[in-house]
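The values are calculated or read from the model by the stated rules, or taken from the named source; none is laboratory data. This structure is a prediction, so every number in the text was calculated from the model and none was measured. Note that we place each Cβ from the backbone using ideal geometry, even for glycine, and neighbour counts take in every protein chain shown.
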């Protein structure tokens with residue numbers, strides 16, 4: 001592999017990492033939005049929002065880094081994928097607008113609070129569903145015409161993309177519920193436990209269905225997963241998913257407050273790795289590889305300097321702050 | 001089915017609409033972040049309570065404006081891909097890294113320190129808190145640095161090469177970042193942000209002075225804002241002039257459109273003050289002119305010849321009426337700003353700065369003027385760049401996504417509806433905060449509010465981990 005090729009691989013991992021950081025971090029606060037309608041009491045909702053209000057903005061910055069990184073490092077892929085995903089992306093952005101301002105506005109207007117609660121829940125649902133649909137649309141492949149998107153503007157809508165959309169909603173719901181179990185006490189936690197069970201079942205069902213459907217989308221996916229000797233490398237992924245699922249069930253049964261959330265993160269990581277196994281080395285599946293889409297080496301190098309310096313700093317303070325913020329929230333004082 | 005041209009018009013309308021909404025918030029938060037840093041510095045130096053009162057007063061407004069800037073900014077970062085995929089493919093390798101550096105340096109800096117700034121004064125000590133305020137201000141300026149570098153490169157591209165795939169690539173990052181129009185554009189924009197904020201602060205001060213002219217808070221903010229108007233408005237006019245000369249050197253067609261010069265002048269071109277430009281007939285009807293003034297301004301010689309749009313191929317003309325009028329709106333507001341600045345100086349010398357109701361009404365009326373000027377200036381420079389996305393190199397039609405008009409039309413409609421709901425609400429909340437006068441012991445964000453920040457910081461976490469955050473007096 002030559003040097004620019006290596007750079008493209010490095011950038012593929014950087015962007016994959018940024019997107020994963022976004023998915024799990026915004027995943028649990030979008031998940032709380034999804035759970036909002038299930039908690040009617042104002043006090044509960046205040047607590048739920050308090051538990052993520054300090055972090056959502058930072059979480060969302062990873063989305064800008066993921067999208068911006070794709071634009072900068074793989075401009076051709078960005079140029080092809082974005083028009084292909086036009087409607088889901090627009091829907092996601094509008095959902096995030098509502099969700100984002102709700103954090104600020106909800107506290108400023110007691111009279112319109114219920115409206116901003118609706119905006120929070122609705123925006124979170126639309127954003128989660130749209131992200132899942134976009135994922136499915138990428139997996140099933142988009143039509144490429146020269147250096148441009150060559151399909152129609154409804155191509156993204158298929159039974160498979162609806163399935164992935166619902167799967168992401170289920171997964172975010174699980175993350176949100178497990179987060180609540182970890183961060184709350186008393187009655188709120190009890191109800192969060194019950195929801196974690198339900199969303200776990202939904203998420204596992206979704207993983208099975210998406211995993212079963214994916215190999216039938218493309219022969220290449222089938223070969224990647226099942227052809228000998230690939231299966232030796234790929235088989236551990238579903239096995240690990242099964243083990244982690246069992247561990248989540250056990251930790252929930254043991255009423256452990258923290259383990260279900262962290263195990264859910266592992267579950268997400270495994271599913272994400274599964275997606276990576278299916279797609280790599282394509283960035284637009286079966287059409288454009290990361291090397292074809294890569295920006296010229298000097299662009300990728302120029303940015304790599306910034307990433308190499310800044311990402312570790314960002315990770316250190318993010319990690320440390322999450323550590324300081326650990327523990328339960330209560331109504332009296334944001335954190336204690 | 002609409003034609004391809006309509007899809008481009010709709011995509012441009014969508015970009016213009018989302019951008020117009022977005023630019024309002026950075027223009028305000030760049031100025032406000034620096035103003036907050038100045039207020040806190042003055043408080044630390046003088047120990048006068050009024051400065052920290054004003055700091056907390058404007059901090060609450062900053063939080064709402066910043067939040068809206070974040071969400072509208074996320075939309076902007078995806079606009080390039082969804083509506084301008086041709087541009088993304090061709091220019092991603094050049095524009096993308098500049099925007100990536102904006103995220104890595106500016107956004108994460110703001111994210112790192114906003115939490116401390118919003119909630120930390122009672123928790124982290126004055127020194128660290130002031131440092132946080134300073135870092136947020138620096139973050140907003142860094143953000144302006146990178147995004148204006150990207151925008152300036154699209155206006156005056158330099159330091160690039162074109163590869164076999166027809167993509168622009170960097171030949172020299174230094175030349176590319178510090179492209180010919182960048183310094184002028186950066187200075188002009190940052191000053192515009194400062195003036196915009198000064199006129200908002202001045203209007204809020206004037207509003208409260210009109211009801212109660214003895215309170216400390218309104219007096220101080222009004223006085224500070226009027227100093228800014230008196231000192232910075234003339235500097236901005238000078239900077240604008242220099243920026244105009246730079247534009248004449250690099251984007252002559254834009255200046256021709258701004259001036260309404262359809263025809264070349266062999267010497268002593270008049271300055272058209274007002275008139276009705278007609279694109280199709282290439283004339284300016286009912287023109288009110290000052291003889292030789294345009295040559296004087298642009299060439300600093302009243303008898304210098306000036307080239308007109310007749311020297312430019314017609315398919316490369318920007319749409320003159322829009323550029324012509326938006327430029328006049330910007331300049332007119334600039335002159336009104338100067339007038340208010342001078343009027344305030346006169347009142348200050350006569351000792352009637354806090355008594356002159358006419359001055360206060362003038363300042364109140366000028367409150368939103370900065371936003372209008374920023375928008376008009378932005379329209380002048382962006383519409384003046386047409387029909388190119390990258391000046392002289394990439395036509396707007398080649399930059400667009402291969403999308404059908406109905407797709408863009410429906411998303412445009414969705415953006416319009418959502419933005420009006422969301423940002424109207426935000427503006428109402430900001431106006432409500434402004435309607436209340438600053439009072440002694442002004443708290444930060446209220447205690448029942450969550451510890452919102454743009455990100456996570458250890459210091460913010462420490463700040464929030466205590467009890468009784470931001471007790472309101």
Scan the range A:207-221 residue by residue and report those that are more than 18 Å from residue A:276 (Cβ to Cβ) and either in contact with a strand residue (DSSP E or B) (Cβ under 7 Å, 6 or more places away or on another chain) or modelled with pLDDT of 85 or more (or both).
-> A:208, A:209, A:212
Selection status of residue A:83, surrounded by 24 or more Cβ atoms within 10 Å (Cβ to Cβ) and either part of a helix (DSSP H, G or I) or within 14 Å of chain B (Cβ to nearest Cβ) (or both) | yes
For residue A:284, the lone unmet condition from (1) over 21 Å from the mean Cα position of the chain (by Cα); (2) within 13 Å of chain B (Cβ to nearest Cβ); (3) farther than 16 Å from residue B:103 by Cβ is (1)
Members of the range A:304-322 that are within 30 Å of residue A:164 (Cβ to Cβ) and either at the interface with chain B (Cβ under 8 Å from one of its Cβ atoms) or surrounded by 17 or more Cβ atoms within 10 Å (Cβ to Cβ) (or both) = A:307, A:311, A:314, A:318, A:322
Exactly one condition in (1) within 14 Å of chain B (Cβ to nearest Cβ); (2) out of contact with any helix residue (DSSP H, G or I) (no Cβ under 6 Å at 6 or more places or on another chain); (3) touching a residue at least 40 places away in the same chain (Cβ under 8 Å) is not met by residue A:298; state its number.
-> (3)
Assess whether residue B:253 counts as being within 14 Å of chain A (Cβ to nearest Cβ) and buried (at least 19 other Cβ atoms within 10 Å of the Cβ).
-> no
Checking residue B:116 against (1) more than 8 Å from chain A (Cβ to nearest Cβ); (2) within 21 Å of the chain's Cα centre (by Cα), the condition it does not meet = (2)
Note on the range B:301-319: residues surrounded by 15 or more Cβ atoms within 10 Å (Cβ to Cβ) and more than 26 Å from residue B:12 (Cβ to Cβ) are B:302, B:304, B:306, B:307
Filter result (within 22 Å of the chain's Cα centre (by Cα), farther than 17 Å from residue B:199 by Cβ and crowded, with 20+ Cβ neighbours inside 10 Å) within the range B:320-375 = B:323, B:324, B:326, B:327
Going through the range B:408-428 in order, the residues found to be at the interface with chain A (Cβ under 8 Å from one of its Cβ atoms) and free of Cβ contacts under 8 Å to residues at least 40 places away in the same chain are B:414, B:418, B:425
Taking the stated definitions as given, is residue B:154 touching a strand residue (DSSP E or B) at 6+ places or on another chain (Cβ under 6 Å), in contact (Cβ under 8 Å) with a residue 60 or more places away in the chain and more than 7 Å from chain A (Cβ to nearest Cβ)?
-> yes
Is it true that some residue in the range B:58-77 is under 15 Å from residue A:69 (Cα atoms), touching a strand residue (DSSP E or B) at 6+ places or on another chain (Cβ under 7 Å), part of a helix (DSSP H, G or I) and within 12 Å of another protein chain (Cβ to nearest Cβ)?
-> no
Yes/no for residue A:4 being over 17 Å from the mean Cα position of the chain (by Cα), assigned to a helix (DSSP H, G or I), more than 10 Å from every other protein chain (Cβ to nearest Cβ) and at pLDDT 90 or above | no
Return the total of residues in the range A:104-150 being within 21 Å of residue A:77 (Cα to Cα) and facing chain B (nearest Cβ under 9 Å).
-> 5
Do we have any residue at all in the range A:139-161 that's over 30 Å from residue B:397 (Cα atoms), in a helix (DSSP H, G or I), modelled with pLDDT of 90 or more and touching a helix residue (DSSP H, G or I) at 6+ places or on another chain (Cβ under 8 Å)?
-> yes
From the list A:262, A:199, pick out the single residue that is more than 19 Å from residue A:160 (Cα to Cα) and surrounded by fewer than 16 Cβ atoms within 10 Å (Cβ to Cβ).
-> A:262
Search the range B:164-183 for residues being more than 13 Å from chain A (Cβ to nearest Cβ) and in contact with a helix residue (DSSP H, G or I) (Cβ under 8 Å, 6 or more places away or on another chain), and hand back the single one that is surrounded by the most Cβ atoms within 10 Å (Cβ to Cβ).
-> B:181
Evaluate the range B:431-441: report whether one residue or more is surrounded by 18 or more Cβ atoms within 10 Å (Cβ to Cβ), touching a strand residue (DSSP E or B) at 6+ places or on another chain (Cβ under 8 Å) and more than 14 Å from chain A (Cβ to nearest Cβ).
-> no
Tally the residues that are more than 7 Å from chain B (Cβ to nearest Cβ), assigned to a helix (DSSP H, G or I) and in contact with a strand residue (DSSP E or B) (Cβ under 6 Å, 6 or more places away or on another chain), restricting the search to the range A:48-76.
-> 1
Screening B:99, B:135 for residues that are out of contact with any strand residue (DSSP E or B) (no Cβ under 9 Å at 6 or more places or on another chain), more than 8 Å from chain A (Cβ to nearest Cβ) and within 18 Å of residue A:314 (Cα to Cα) leaves only B:135
Considering B:198, B:206, which residue is surrounded by 24 or more Cβ atoms within 10 Å (Cβ to Cβ) and under 12 Å from residue B:32 (Cα atoms)?
-> B:198
Which one of these does residue A:40 not meet: (1) more than 25 Å from residue B:417 (Cβ to Cβ); (2) part of a helix (DSSP H, G or I)?
-> (2)
